[in-house]
Amino acid sequence: MQTDMALTFVAFCLPFLGALAAPLLTRILGHRAAWPLALFPAAILWHFTGFLPEVSRGEIVTGGYDWVPSYNVSFSWLIDGLSLTFLLLISGIGTLIILYSGGYLRGHPHQGRFFSFILMFMGAMLGLVASDSFLMLFVFWELTSITSFLLIGFDHAREASRRAALQALVVTGGGGLLLLAGLLVIWNVTGVTQLSLLLSFGEEIRASPFYLAILLLVLGGAFTKSAQFPFHFWLPNAMEAPTPVSAYLHSATMVKAGVYLLMRLNPVLGGTAPWETILPAFGGLTLLVGAVLAIRQTDLKLMLAYTTVASLGLLVLLTGFGSEHAAAAAALYLVAHSLFKGALFMVAGLLDHETGTRHITRLGGLGRAMPITFAAAVLAALSMGGLPPFFGFLGKEEVYTALGGGDLRAIAFTAAAVIGNVLMVAVAFAIAIKPFLGAKVATPKTPHEGPLLLWLGPVVLSVCGLAAGLLSSFVHPLISSPLASAIAGRPEAVTMSAMPHASVALLLSAVTVAAGIGLLAGFDRARAAADRLVNDIGWGPDRGFDQFMTGLVRFAHRLSRLLQPGLMEAYLTVTFVMVALALLLPLVWYGEWPRLPIWPADAQFHELAVMALALLGVGGVLTARNRLNAILALGIQGFSVALLFLLFGAPDLSFTQFMVETLSVVILALVMTRLHLQPRDARPLAQKIPDAAVAIACGLGFCLYLLRVTQGRFDPLLTDFFNLYSKAIAHGANVVNVIIVDFRGTDTLGEIAVVMTTGLAILSLIRIRKPAAENGKETRR
Amino acid sequence: MNTVIFRTLAPFLTALMLLFSVFVLLRGHNEPGGGFIGGLIAASGLAIYGIARGIQPVRQALWFHPMTIAAIGLFLACIAGLISMFAAVPFMTGLWITPSLFAIEAPLSTVMLFDFGVYLVVVGAITSIALALEREDI
């Protein structure tokens with residue numbers, strides 16, 4: 001068991017190790033690095049396949065390590081039917097995607113970086129779906145957003161990529177914050193931080209007054225990640241990424257994270273009226289919007305992207321529908337979609353790679369030149385279209401069975417599902433058939449079959465879609481039933497087989513396919529109609545995003561103008577006024593004025609001399625004729641204070657003060673030489689008086705405060721502690737130093753980090769001045 | 001400032017100050033001194049050298065960029081804290097060993113490493129600021 005746990009932990013770390021190795025391997029092996037790198041996900045796939053027997057028996061495998069036990073934070077995982085299906089999909093499709101990227105980005109100067117990013121994403125995604133602890137879930141959730149940002153912006157020289165990457169990050173990352181808030185509220189209501197424990201708190205959460213808040217926050221996270229209307233716009237824009245990314249992140253895995261979350265929480269949050277209203281409503285709307293927008297496109301990838309939006313809508317609809325077969329339908333459709341959509345995306349990329357275009361109008365008659373691609377495309381499209389005996393058929397049958405019912409709600413959603421599916425069938429066949437059949441169209445590159453690395457992925461995935469449908473009696477107990485059980489929160493047995501049997505669902509399927517093929521005949525007209533519809537509406541959330549961002553930037557600009565006028569004088573005045581207030585207000589407020597100090601009778605001559613020297617320094621500052629003299633005079637005052645420290649038994653403090661004073665004089669003098677100031681400080685009297693008032697208030701405040709503090713009762717607890725233990729347990733006689741480096745060493749670590757950061761900041765500020773100074777010179781000339 | 005006397009004396013002064021700074025650093029655990037003050041002494045020594053001879057000789061003598069020295073210091077300080085994790089005690093717990101070097105018992109500790117890290121951070125950060133300010137071409 002212990003070794004099992006360690007192995008699972010290693011499996012979660014493997015992608016990150018692969019990401020480290022990728023750049024080096026790519027430098028040595030070029031695009032052939034895909035083969036060794038694919039071993040990483042393959043090993044993970046193999047490891048998690050070992051969980052199938054246990055999970056199919058309905059067991060839940062948990063494991064992990066304590067991280068911060070005092071806060072109940074752990075690195076722990078939960079593997080049940082839902083997690084395992086995702087783990088297998090991520091690692092399995094991941095293996096194929098790595099190979100595919102090897103061919104797709106062959107010769108790209110940053111191929112190593114690409115491998116690295118995509119492996120990092122894989123690690124994040126695996127962690128997300130297996131997380132048991134909330135914190136881990138959130139961290140991995142945001143990590144998928146960040147890696148997705150890097151991958152979408154991979155082609156960072158193009159502005160469209162950068163915009164799409166930023167948009168995806170803002171939308172999904174912002175959603176992640178909502179999710180974090182939701183998880184925190186759940187934690188507050190139940191007191192648990194682990195999903196596996198949360199399952200038994202369903203009643204409590206649903207009865208809690210915070211239920212609606214939790215629901216909305218969690219949905220905010222899930223809907224943004226899974227591109228539900230009105231947050232769907234980032235997903236098609238994310239198609240700016242290289243096709244392997246679109247196939248992997250934006251169809252098969254990452255965008256399903258939101259659906260995963262909803263499925264995971266369905267037993268806890270589900271079954272209530274808000275859940276069964278909001279989810280199907282938004283899911284259904286997303287399905288229709290996605291399907292209509294898909295028809296409108298001519299770019300293969302965009303067509304697929306919008307059908308992905310539609311499919312995600314369907315999955316959300318099913319998760320929230322709450323009828324008897326809904327969980328099973330969601331389970332089957334989820335797996336089927338990952339298989340066929342991954343394959344179709346890779347086909348689209350393959351066509352793009354081999355012909356130089358992915359516009360459906362500019363492709364045709366490629367079937368003879370690219371037979372393997374054609375076969376893979378047709379197999380995947382048949383599954384997407386829901387024809388027997390493909391796995392997609394099972395999914396669609398189960399969907400119609402789940403939605404079927406006599407009441408108005410069921411009919412409405414069945415109608416939505418049928419319309420959405422008809423459009424998707426049309427798109428599927430348009431992609432699988434149009435480019436390959438018909439008259440040959442001249443393409444930018446002479447088309448020929450892609451290399452093994454490129455066609456392996458789509459072929460394996462589409463064959464899987466066929467095999468899973470044919471062998472459904474074998475696949476259901478292993479994958480579908482545990483998955484459906486985990487979604488429903490109670491044991492569910494999926495029995496749908498590829499053999500067509502007479503039912504309403506079959507009838508609906510037949511209608512769907514027939515209508516879809518009918519639509520295919522008039523595809524161009526349908527496209528024109530959809531295009532007109534969208535153009536008539538005009539404004540969309542995509543443009544709304546731009547407006548939002550522009551508004552945000554403008555607001556931030558105004559706010560920082562207000563708070564940061566850029567005048568050193570203003571900053572210093574505000575700072576010192578605040579210091580004076582902080583010192584004086586408590587004294588006034590609580591009436592804690594100090595008693596006047598009594599003149600010490602035993603004051604020694606040398607002590608008085610040092611104090612006189614300090615006063616002399618201050619007087620020098622006030623009367624100095626130029627700035628340099630003032631700095632020196634200030635140094636004299638500082639040295640006198642250091643001497644006082646020395647006289648009254650604080651050698652460490654005085655030592656440091658000496659050095660600090662020396663260095664401040666040197667550095668201030670150096671700064672003065674560079675600032676091109678007038679040597680004399682020529683402030684008008686109107687400015688001198690308020691400045692002097694602030695200075696006097698600060699000085700008086702410090703003075704009174706120190707007097708008051710030293711007149712209070714001194715608590716020797718800490719002094720005694722340090723005196724007692726400094727030598728005994730920290731082996732040091734110098735208490736000050738022992739406190740700095742040992743007892744409160746973590747503080748010091750923070751402080752030196754600050755010293756370092758400040759140094760870097762000052763260094764960059766000094767360097768920034770350069771062009772400004774040059775400009776200044778030019779204007780003076 | 002650019003007098004012959006100053007320019008001639010500065011290297012010796014700097015060498016003495018650097019030596020003294022290490023002395024202060026090492027005695028810090030039992031007597032007044034320590035990494036922070038040692039670092040300040042070393043930084044002033046280097047600043048003096050820079051004022052006397054210009055910054056190029058200082059940069060050459062240091063070999064590393066001063067900021068790199070600071071970064072190494074921060075890294076060492078972190079390592080000093082992390083070593084205790086391997087001994088299964090909380091972060092930043094001081095660990096001591098007393099190996100015998102040439103028949104002399106030398107007490108070594110993670111605390112000392114940490115103090116050395118503090119020293120390097122202070123030297124690096126302050127020197128880089130001072131050198132950047134001393135550059136005349138900007």
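At a glance:
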item	result
Protection proxy ranking, peptides B:82-94, A:350-362, average beta carbon neighbours within 10 Å, highest first	A:350-362, B:82-94
Estimated FRET transfer efficiency (A:Ala529, B:Phe20; beta-carbon r; R0 56 Å; 0.05)	0.05
Trypsin sites (Lys or Arg not before Pro) within the range A:591-659, DSSP loop, no more than 12 other Cβ atoms inside 10 Å	A:Arg595, A:Arg625
Evaluated at q = 0.10 Å⁻¹: base-10 log I(q)/I(0), Debye formula over Cα of the range A:1-151	-0.36
Calculated FRET value between A:Val553 and A:His448, using beta carbons and R₀ = 41 Å, to 0.05	0.30
Nitroxide proxy distance, nm - points 7 Å out along Cα→Cβ at A:Ile433 and A:Ile598	10.7 nm
Cα-centred dipole magnitude for the range B:6-138, charges only on beta-carbon of K, R (+1) and D, E (-1), debye, nearest 20	200 debye
Dimensions (Å) - the range A:76-211, Cα atoms, principal axes, largest first	57, 31, 17
Cα centre as origin, Lys/Arg/Asp/Glu Cβ charges: the protein assembly as shown dipole, Debye	2900 debye
Virtual spin-label span in nm between A:Asp681 and A:Ile729, 7 Å along Cα→Cβ	4.8 nm
Cα Rg, Dmax (largest Cα-Cα span) when computed across the range A:661-730, Å	21.6, 60
Length-normalised contact order for chain A - Cα pairs under 8 Å, 6+ apart - percent	10 percent
Helix B:35-53 axis, angle to chain B major axis (alpha carbon atoms, nearest 10°)	20 degrees
Dipole in debye (nearest 20) - the range A:523-676, about Cα centre, beta carbon charges: Lys, Arg +1; Asp, Glu -1	640 debye
Average other protein chain Cβ within 10 Å of Cβ, residues B:38-44	4
Computed lengthening from A:Met568 to A:Glu54, 0.36 nm per intervening residue step minus Cα-Cα distance	178.3 nm
Under the Karplus curve 6.51 cos²θ - 1.76 cosθ + 1.60, θ = phi - 60°, whole-Hz ³J(HN,Hα) for the range A:307-315, x wherever Gly or Pro sits	5, 5, 4, 4, 5, 5, x, 4, 5
Charge tally in the Cβ shell below 15 Å around A:Ser101, where Lys, Arg are +1 and Asp, Glu are -1, A:Ser101 excluded	+1
Förster radius 41 Å - calculated FRET efficiency between A:Ala207 and A:Ile768, Cβ distance, rounded to 0.05	0.10
Largest-first principal axis extents, alpha carbons of the range A:305-441, Å	50, 22, 22
Relative compactness, chain B, computed as alpha-carbon Rg over 2.2 N^0.38 Å	1.21
Positive-end extreme of charge dipole, the range A:496-565 - chosen from A:Met496, A:Leu563, A:Leu533 (charges on Cβ)	A:Leu563
Alpha-carbon radius of gyration plus Dmax, which is the widest Cα pair, for the range B:44-96 in Å	16.9, 50
Rotationally averaged projected area of the range A:625-696 (alpha carbon convex hull; nm²)	5.8 nm²
Listed peptides A:489-500, A:135-146 by packing density, highest first (mean Cβ within 10 Å)	A:135-146, A:489-500
Positive-end residue of A:Gln604, A:Ala468, A:Val255, charge dipole of chain A with Cβ unit charges	A:Val255
Mean Cβ count within 10 Å, highest first, over the residues of peptides A:599-606, A:194-201	A:194-201, A:599-606
Positive-pole candidate from B:Leu19, B:Gln56, B:Tyr119, dipole of chain B, charges at beta carbon	B:Gln56
Per-residue average of Cβ from other chains inside 10 Å of A:386-397	0
Overall Cα dimensions of the range A:224-296, principal axis frame, Å, largest first	41, 25, 14
Calculated on alpha-carbon atoms, Rg and Dmax of the protein assembly as shown in Å	35.5, 112
Dimensionless Rg ratio for the range A:329-371, taking C-alpha atoms and the 2.2 N^0.38 Å reference	1.47
Averaged over B:69-81, number of beta-carbon atoms from partner chains that fall within 10 Å	3
5 Å-binned pair-distance histogram of the range A:562-632 (Cα, whole percent)	3, 11, 9, 10, 16, 18, 17, 10, 3, 2, 1
Cα-derived Rg over Rh, computed across the range A:146-255 with Rh taken as Kirkwood radius	1.10
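Values in this text are rule-based calculations from the coordinates and carry no lab data. Just so it is clear, the structure is predicted and the values come from calculations on it, not from any experiment. Backbone-built Cβ (ideal geometry, glycine too); neighbour counts: all protein chains shown.
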